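The values are calculated or read from the model by the stated rules, or taken from the named source; none is laboratory data. Only a predicted model underlies this, so the values are computations on that prediction, with no experimental measurement involved. For neighbour counting, all protein chains shown are included, and Cβ atoms are generated from backbone atoms with ideal geometry for every residue, glycine included. These area figures cover heavy atoms from the full protein model, side chains too; ligands, DNA and RNA do not enter into them. Shrake-Rupley method; radii C 1.70, N 1.55, O 1.52, S 1.80 Å.
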Amino acid sequence: MSNPLEKIKSAVRGLRAYTLSPERASVKLNQNESPWDASEAIKRETLRRMGGRAWNRYPDFVPAALHEKLAAFAGWKSEGVLAGNGSNELIQALLMVTVGEGRRVLISEPTFALYRQVATVLGGEVLSVPLDAGLQFDVAALLDSIRTNDPDVTIICSPNNPTGCRMSDGALETLLAAARGLVVVDEAYFEFSGETVVPLLERHPNLAVFRTFSKAMALAALRVGYLLAAPELAREVGKALLPYNLNAFSQTAAEVSVEMYDGELAPVVRHIVAERERLFEELRRVPGLAPVASRANFMVVRSTVEPKRVFDELLRRDILIRDVSGYPMLADYFRVSVGTPRENDLLIAGLKEILG
Ligand code: PMP
(Lines give C-alpha, C1' and ligand atoms only; values in the text may rest on other atoms or scores of the structure.)
Protein backbone atom coordinates (compact mmCIF):
# COMPACT_ATOMS: atom_id res chain seq x y z
CA MET A 1 0.00 0.00 0.00
CA SER A 2 1.31 3.45 -0.81
CA ASN A 3 1.93 5.97 1.93
CA PRO A 4 -1.13 8.27 2.08
CA LEU A 5 1.09 11.07 3.38
CA GLU A 6 2.73 11.18 -0.04
CA LYS A 7 -0.48 12.87 -1.19
CA ILE A 8 0.13 15.80 1.15
CA LYS A 9 1.79 18.77 -0.59
CA SER A 10 5.52 18.61 0.10
CA ALA A 11 5.55 22.24 1.28
CA VAL A 12 2.93 21.30 3.88
CA ARG A 13 4.90 18.23 5.00
CA GLY A 14 7.84 20.56 5.56
CA LEU A 15 5.86 22.86 7.88
CA ARG A 16 5.86 22.66 11.62
CA ALA A 17 2.25 22.79 12.87
CA TYR A 18 1.21 25.99 14.67
CA THR A 19 0.79 24.81 18.25
CA LEU A 20 0.59 26.17 21.76
CA SER A 21 2.15 24.43 24.75
CA PRO A 22 -0.67 22.88 26.81
CA GLU A 23 0.54 24.07 30.23
CA ARG A 24 -1.89 25.88 32.53
CA ALA A 25 -1.14 28.39 35.28
CA SER A 26 -3.16 30.86 37.33
CA VAL A 27 -1.10 33.80 36.06
CA LYS A 28 -1.64 33.48 32.30
CA LEU A 29 0.66 35.75 30.32
CA ASN A 30 1.18 33.62 27.21
CA GLN A 31 -1.51 34.62 24.67
CA ASN A 32 -1.76 38.41 24.74
CA GLU A 33 -5.36 38.27 25.90
CA SER A 34 -6.90 41.00 28.02
CA PRO A 35 -6.09 40.15 31.66
CA TRP A 36 -9.56 41.41 32.64
CA ASP A 37 -12.68 39.55 31.59
CA ALA A 38 -15.43 41.30 29.63
CA SER A 39 -17.42 43.43 32.06
CA GLU A 40 -20.65 42.38 33.77
CA ALA A 41 -22.46 45.12 31.82
CA ILE A 42 -21.33 43.67 28.50
CA LYS A 43 -22.13 40.09 29.50
CA ARG A 44 -25.54 40.96 30.93
CA GLU A 45 -26.63 42.95 27.88
CA THR A 46 -25.39 40.22 25.51
CA LEU A 47 -27.31 37.54 27.43
CA ARG A 48 -30.41 39.74 27.54
CA ARG A 49 -30.39 40.20 23.76
CA MET A 50 -29.73 36.51 23.14
CA GLY A 51 -32.55 35.59 25.52
CA GLY A 52 -34.98 37.54 23.37
CA ARG A 53 -33.82 36.00 20.10
CA ALA A 54 -35.06 32.83 18.36
CA TRP A 55 -32.27 30.23 18.59
CA ASN A 56 -33.83 28.03 15.91
CA ARG A 57 -33.23 30.69 13.25
CA TYR A 58 -29.98 31.29 11.39
CA PRO A 59 -28.06 34.48 12.05
CA ASP A 60 -28.43 37.21 9.39
CA PHE A 61 -26.83 36.16 6.09
CA VAL A 62 -24.83 39.38 6.22
CA PRO A 63 -24.40 40.66 9.80
CA ALA A 64 -25.34 44.15 8.63
CA ALA A 65 -25.96 45.60 12.09
CA LEU A 66 -22.51 44.54 13.26
CA HIS A 67 -20.87 45.74 10.04
CA GLU A 68 -22.47 49.16 10.50
CA LYS A 69 -21.34 49.42 14.12
CA LEU A 70 -17.81 48.35 13.17
CA ALA A 71 -17.77 50.88 10.33
CA ALA A 72 -18.74 53.71 12.70
CA PHE A 73 -16.25 52.47 15.30
CA ALA A 74 -13.36 52.23 12.83
CA GLY A 75 -14.21 55.24 10.68
CA TRP A 76 -14.74 53.34 7.44
CA LYS A 77 -17.67 52.48 5.14
CA SER A 78 -19.82 49.52 6.10
CA GLU A 79 -19.67 48.01 2.57
CA GLY A 80 -15.94 47.67 3.19
CA VAL A 81 -16.33 45.71 6.44
CA LEU A 82 -16.29 41.93 6.76
CA ALA A 83 -16.74 40.23 10.14
CA GLY A 84 -15.33 36.78 10.74
CA ASN A 85 -14.86 33.94 13.18
CA GLY A 86 -11.69 35.49 14.57
CA SER A 87 -9.34 37.54 12.44
CA ASN A 88 -7.56 34.28 11.65
CA GLU A 89 -10.49 33.28 9.47
CA LEU A 90 -10.25 36.53 7.52
CA ILE A 91 -6.49 36.23 7.08
CA GLN A 92 -7.08 32.75 5.69
CA ALA A 93 -9.92 34.00 3.44
CA LEU A 94 -7.83 36.83 2.03
CA LEU A 95 -4.96 34.45 1.30
CA MET A 96 -7.35 31.89 -0.20
CA VAL A 97 -8.53 34.37 -2.81
CA THR A 98 -5.03 35.60 -3.63
CA VAL A 99 -2.50 32.78 -3.11
CA GLY A 100 -1.81 29.60 -5.09
CA GLU A 101 1.03 28.04 -7.06
CA GLY A 102 3.29 30.75 -8.44
CA ARG A 103 2.05 33.47 -6.08
CA ARG A 104 4.40 35.23 -3.68
CA VAL A 105 3.69 36.45 -0.16
CA LEU A 106 6.12 38.85 1.51
CA ILE A 107 6.36 38.96 5.28
CA SER A 108 8.73 40.48 7.81
CA GLU A 109 10.00 37.96 10.39
CA PRO A 110 9.86 37.19 13.24
CA THR A 111 6.09 37.66 13.15
CA PHE A 112 2.78 35.89 13.78
CA ALA A 113 3.35 32.33 12.50
CA LEU A 114 -0.02 31.93 10.81
CA TYR A 115 0.83 34.02 7.71
CA ARG A 116 3.64 31.71 6.64
CA GLN A 117 1.59 28.64 7.50
CA VAL A 118 -1.54 29.54 5.51
CA ALA A 119 0.40 30.92 2.52
CA THR A 120 2.42 27.69 2.40
CA VAL A 121 -0.61 25.41 2.73
CA LEU A 122 -2.17 27.26 -0.21
CA GLY A 123 0.88 26.56 -2.37
CA GLY A 124 2.32 30.07 -2.34
CA GLU A 125 5.95 31.05 -1.98
CA VAL A 126 6.83 32.95 1.20
CA LEU A 127 9.46 35.69 0.96
CA SER A 128 10.82 36.85 4.28
CA VAL A 129 12.64 40.03 5.26
CA PRO A 130 14.18 40.03 8.75
CA LEU A 131 13.51 42.81 11.22
CA ASP A 132 16.57 45.02 11.73
CA ALA A 133 19.05 44.48 14.57
CA GLY A 134 16.92 46.63 16.88
CA LEU A 135 13.88 44.42 16.12
CA GLN A 136 12.21 47.22 14.12
CA PHE A 137 10.79 46.95 10.60
CA ASP A 138 13.51 47.14 7.94
CA VAL A 139 11.50 49.37 5.63
CA ALA A 140 14.30 49.78 3.07
CA ALA A 141 14.70 46.00 2.77
CA LEU A 142 10.93 45.50 2.47
CA LEU A 143 10.77 48.17 -0.22
CA ASP A 144 13.64 46.53 -2.03
CA SER A 145 11.92 43.14 -1.92
CA ILE A 146 8.66 44.65 -3.20
CA ARG A 147 10.49 46.24 -6.14
CA THR A 148 12.56 43.15 -6.91
CA ASN A 149 10.10 40.33 -6.28
CA ASP A 150 6.73 41.98 -6.96
CA PRO A 151 4.88 40.01 -4.25
CA ASP A 152 1.16 39.41 -4.76
CA VAL A 153 0.53 40.04 -1.06
CA THR A 154 2.64 41.81 1.57
CA ILE A 155 1.62 41.24 5.19
CA ILE A 156 2.67 43.72 7.87
CA CYS A 157 1.76 42.88 11.44
CA SER A 158 1.70 46.27 13.16
CA PRO A 159 2.14 46.36 16.10
CA ASN A 160 4.10 43.22 15.39
CA ASN A 161 3.57 40.00 17.31
CA PRO A 162 5.88 39.05 19.04
CA THR A 163 8.22 42.08 19.04
CA GLY A 164 5.73 44.97 19.49
CA CYS A 165 7.19 47.32 16.87
CA ARG A 166 4.80 49.49 14.82
CA MET A 167 5.41 50.63 11.27
CA SER A 168 4.95 54.39 10.82
CA ASP A 169 2.22 55.53 8.44
CA GLY A 170 4.85 57.24 6.29
CA ALA A 171 6.82 54.02 5.90
CA LEU A 172 3.68 52.05 5.15
CA GLU A 173 2.73 54.57 2.47
CA THR A 174 6.04 54.06 0.70
CA LEU A 175 5.30 50.31 0.61
CA LEU A 176 1.72 50.93 -0.58
CA ALA A 177 2.95 53.21 -3.33
CA ALA A 178 5.62 50.76 -4.52
CA ALA A 179 3.50 47.61 -4.32
CA ARG A 180 1.58 46.27 -7.29
CA GLY A 181 0.10 43.62 -4.99
CA LEU A 182 -2.07 43.88 -1.91
CA VAL A 183 -0.65 45.22 1.34
CA VAL A 184 -2.28 43.77 4.41
CA VAL A 185 -1.87 45.32 7.86
CA ASP A 186 -2.77 43.13 10.82
CA GLU A 187 -3.88 45.58 13.52
CA ALA A 188 -4.73 42.94 16.13
CA TYR A 189 -3.11 45.16 18.79
CA PHE A 190 -3.78 48.65 17.43
CA GLU A 191 -5.81 49.77 20.48
CA PHE A 192 -2.66 49.57 22.63
CA SER A 193 -0.68 51.73 20.20
CA GLY A 194 -3.29 54.49 19.97
CA GLU A 195 -2.75 54.61 16.20
CA THR A 196 -4.35 53.07 13.14
CA VAL A 197 -3.75 52.97 9.39
CA VAL A 198 -7.48 53.04 8.61
CA PRO A 199 -7.33 56.68 7.33
CA LEU A 200 -5.01 55.41 4.56
CA LEU A 201 -7.75 53.13 3.15
CA GLU A 202 -9.39 56.02 1.29
CA ARG A 203 -6.25 56.71 -0.75
CA HIS A 204 -4.96 53.14 -1.15
CA PRO A 205 -7.32 50.59 -2.73
CA ASN A 206 -4.59 47.91 -2.35
CA LEU A 207 -4.66 48.16 1.47
CA ALA A 208 -6.57 45.75 3.73
CA VAL A 209 -6.67 46.00 7.53
CA PHE A 210 -7.40 43.16 9.95
CA ARG A 211 -8.59 43.59 13.50
CA THR A 212 -9.73 41.29 16.30
CA PHE A 213 -11.97 41.19 19.37
CA SER A 214 -9.56 38.75 21.06
CA LYS A 215 -7.21 41.31 22.64
CA ALA A 216 -8.32 44.82 23.71
CA MET A 217 -11.99 43.88 23.27
CA ALA A 218 -11.64 41.00 25.78
CA LEU A 219 -13.71 38.50 23.77
CA ALA A 220 -11.12 35.86 22.81
CA ALA A 221 -13.49 33.05 23.79
CA LEU A 222 -16.10 34.17 21.27
CA ARG A 223 -13.88 34.38 18.17
CA VAL A 224 -14.64 37.65 16.38
CA GLY A 225 -12.46 39.54 13.95
CA TYR A 226 -13.03 41.98 11.11
CA LEU A 227 -11.52 43.19 7.90
CA LEU A 228 -11.56 46.77 6.56
CA ALA A 229 -10.87 47.33 2.88
CA ALA A 230 -12.24 48.89 -0.29
CA PRO A 231 -15.77 47.48 -0.79
CA GLU A 232 -14.75 45.76 -4.06
CA LEU A 233 -11.87 44.01 -2.31
CA ALA A 234 -13.94 43.05 0.74
CA ARG A 235 -16.53 41.51 -1.58
CA GLU A 236 -13.91 39.26 -3.22
CA VAL A 237 -12.49 38.14 0.15
CA GLY A 238 -16.04 37.32 1.28
CA LYS A 239 -16.27 34.69 -1.45
CA ALA A 240 -13.89 32.47 0.55
CA LEU A 241 -16.04 32.60 3.71
CA LEU A 242 -18.58 29.91 4.57
CA PRO A 243 -22.17 31.12 5.05
CA TYR A 244 -22.98 32.06 8.67
CA ASN A 245 -19.31 32.07 9.64
CA LEU A 246 -20.10 34.22 12.65
CA ASN A 247 -22.59 32.76 15.13
CA ALA A 248 -25.39 34.88 16.58
CA PHE A 249 -23.99 34.90 20.11
CA SER A 250 -20.57 36.22 19.07
CA GLN A 251 -22.20 38.70 16.73
CA THR A 252 -24.34 40.05 19.56
CA ALA A 253 -21.46 40.23 22.05
CA ALA A 254 -19.37 42.11 19.47
CA GLU A 255 -22.15 44.62 18.86
CA VAL A 256 -22.59 45.21 22.59
CA SER A 257 -18.82 45.59 23.09
CA VAL A 258 -18.57 48.20 20.35
CA GLU A 259 -21.57 50.10 21.76
CA MET A 260 -20.02 50.07 25.25
CA TYR A 261 -16.39 50.56 24.19
CA ASP A 262 -15.90 54.09 25.55
CA GLY A 263 -17.27 53.35 29.01
CA GLU A 264 -16.33 49.69 29.53
CA LEU A 265 -13.23 48.97 27.44
CA ALA A 266 -11.26 52.15 26.70
CA PRO A 267 -10.37 52.68 30.41
CA VAL A 268 -9.11 49.07 30.57
CA VAL A 269 -6.93 49.64 27.51
CA ARG A 270 -5.43 52.76 29.12
CA HIS A 271 -4.75 50.76 32.28
CA ILE A 272 -2.99 47.99 30.31
CA VAL A 273 -0.85 50.55 28.47
CA ALA A 274 0.17 52.14 31.79
CA GLU A 275 1.03 48.69 33.15
CA ARG A 276 3.06 47.93 30.01
CA GLU A 277 5.20 50.99 30.65
CA ARG A 278 5.62 50.12 34.33
CA LEU A 279 6.53 46.49 33.51
CA PHE A 280 9.05 47.68 30.91
CA GLU A 281 10.77 50.01 33.41
CA GLU A 282 10.83 47.34 36.13
CA LEU A 283 12.26 44.65 33.84
CA ARG A 284 14.89 47.07 32.55
CA ARG A 285 16.26 47.27 36.07
CA VAL A 286 16.65 43.49 36.43
CA PRO A 287 20.30 42.56 35.71
CA GLY A 288 20.40 40.06 32.85
CA LEU A 289 17.12 41.19 31.29
CA ALA A 290 16.62 43.61 28.39
CA PRO A 291 12.97 44.25 27.51
CA VAL A 292 12.17 45.62 24.06
CA ALA A 293 9.86 48.66 23.99
CA SER A 294 6.46 47.64 22.65
CA ARG A 295 3.34 49.34 21.25
CA ALA A 296 1.16 46.33 22.08
CA ASN A 297 0.01 44.53 25.26
CA PHE A 298 3.08 42.30 25.41
CA MET A 299 6.84 42.58 25.03
CA VAL A 300 9.81 40.40 24.26
CA VAL A 301 12.64 40.32 26.77
CA ARG A 302 16.26 39.33 26.09
CA SER A 303 17.57 37.17 28.86
CA THR A 304 21.00 35.94 29.91
CA VAL A 305 19.25 32.90 31.41
CA GLU A 306 18.07 30.53 28.68
CA PRO A 307 14.41 31.32 27.76
CA LYS A 308 13.33 27.70 28.16
CA ARG A 309 14.64 27.73 31.71
CA VAL A 310 12.90 31.04 32.47
CA PHE A 311 9.68 29.51 31.15
CA ASP A 312 10.05 26.37 33.32
CA GLU A 313 11.02 28.30 36.45
CA LEU A 314 8.10 30.72 36.07
CA LEU A 315 5.72 27.81 35.49
CA ARG A 316 6.85 26.34 38.81
CA ARG A 317 5.72 29.66 40.30
CA ASP A 318 2.34 29.23 38.55
CA ILE A 319 3.11 31.86 35.88
CA LEU A 320 2.77 31.01 32.18
CA ILE A 321 4.71 33.01 29.58
CA ARG A 322 5.65 32.33 25.94
CA ASP A 323 9.04 30.91 25.03
CA VAL A 324 9.70 32.50 21.63
CA SER A 325 13.31 31.33 21.39
CA GLY A 326 12.40 29.14 18.40
CA TYR A 327 11.46 32.23 16.32
CA PRO A 328 14.04 33.68 13.92
CA MET A 329 16.31 36.25 15.65
CA LEU A 330 14.80 35.54 19.08
CA ALA A 331 16.99 32.70 20.39
CA ASP A 332 17.65 34.67 23.61
CA TYR A 333 14.13 36.03 24.15
CA PHE A 334 10.89 35.21 25.91
CA ARG A 335 7.58 37.04 25.52
CA VAL A 336 5.26 38.19 28.29
CA SER A 337 1.74 39.56 27.96
CA VAL A 338 0.88 42.52 30.18
CA GLY A 339 -1.29 41.28 33.05
CA THR A 340 -3.13 42.93 35.91
CA PRO A 341 -0.93 44.94 38.33
CA ARG A 342 -0.90 41.98 40.73
CA GLU A 343 0.05 39.53 37.97
CA ASN A 344 2.80 41.83 36.74
CA ASP A 345 4.16 42.15 40.30
CA LEU A 346 4.28 38.34 40.58
CA LEU A 347 6.05 38.13 37.21
CA ILE A 348 8.62 40.77 38.18
CA ALA A 349 9.29 39.07 41.55
CA GLY A 350 9.64 35.68 39.86
CA LEU A 351 12.05 36.99 37.26
CA LYS A 352 14.17 38.75 39.89
CA GLU A 353 14.54 35.42 41.71
CA ILE A 354 15.37 33.50 38.54
CA LEU A 355 17.94 36.02 37.31
CA GLY A 356 19.30 36.77 40.76
N1 PMP B 1 -3.16 38.46 14.41
C2 PMP B 1 -2.20 38.52 15.32
C3 PMP B 1 -1.01 39.38 15.08
C4 PMP B 1 -2.30 37.78 16.49
O5 PMP B 1 -1.32 37.83 17.40
C6 PMP B 1 -3.44 36.97 16.72
C7 PMP B 1 -3.64 36.16 17.96
N8 PMP B 1 -2.55 35.62 18.53
C9 PMP B 1 -4.39 36.92 15.73
C10 PMP B 1 -4.24 37.70 14.59
C11 PMP B 1 -5.58 36.04 15.84
O12 PMP B 1 -6.67 36.71 16.26
P13 PMP B 1 -8.10 36.03 16.34
O14 PMP B 1 -8.24 35.54 17.73
O15 PMP B 1 -9.01 37.16 16.03
O16 PMP B 1 -8.19 34.95 15.32
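Of the residues making up segment 225-236, just one is under 14 Å from N85 (Cβ atoms) and either of a type in the set (A, V, I, L, M, F, W, C) or open to solvent by 30 Å² or more (accessible area, probe 1.4 Å) (or both), namely L227.
Take segment 7-36 and flag every residue that is within 16 Å of the ligand (Cβ to nearest atom) and modelled with pLDDT of 95 or more. It would help to see each step written out before you state the result.
Of segment 7-36, the ones within 16 Å of the ligand (Cβ to nearest atom) are 17-21, 28-35.
Hits for segment 7-36 are K28, L29, N30, Q31, N32, E33, S34, P35.
Filtered by the rule that a residue be surrounded by 17 or more Cβ atoms within 10 Å (Cβ to Cβ) and of a type in the set (K, R), segment 28-46 gives a lone residue, K28. Restricting the first member to segment 206-224 and to residues that are within 30 Å of P151 (Cα to Cα) and open to solvent by 20 Å² or more (accessible area, probe 1.4 Å), and the second to residues that are more than 8 Å from the ligand (Cβ to nearest atom) and assigned to a strand (DSSP E or B), the beta-carbon pairs closer than 6 Å and six or more apart or on different chains are N206/L182; N206/V183.
Considering only residues that are more than 22 Å from R166 (Cα to Cα) and of a type in the set (V, I, T), which ones fall in segment 116-144?
Keep residues of segment 116-144 that are more than 22 Å from R166 (Cα to Cα), which gives 117-125.
Those that are more than 22 Å from R166 (Cα to Cα) and of a type in the set (V, I, T): V118, T120, V121.
Annotation note: Cβ proximity below 6 Å between a residue of segment 89-108 that is closer than 21 Å to F213 by Cβ and a residue that is more than 16 Å from the ligand (Cβ to nearest atom) (sequence gap 6+ or interchain) occurs for L95/L122.
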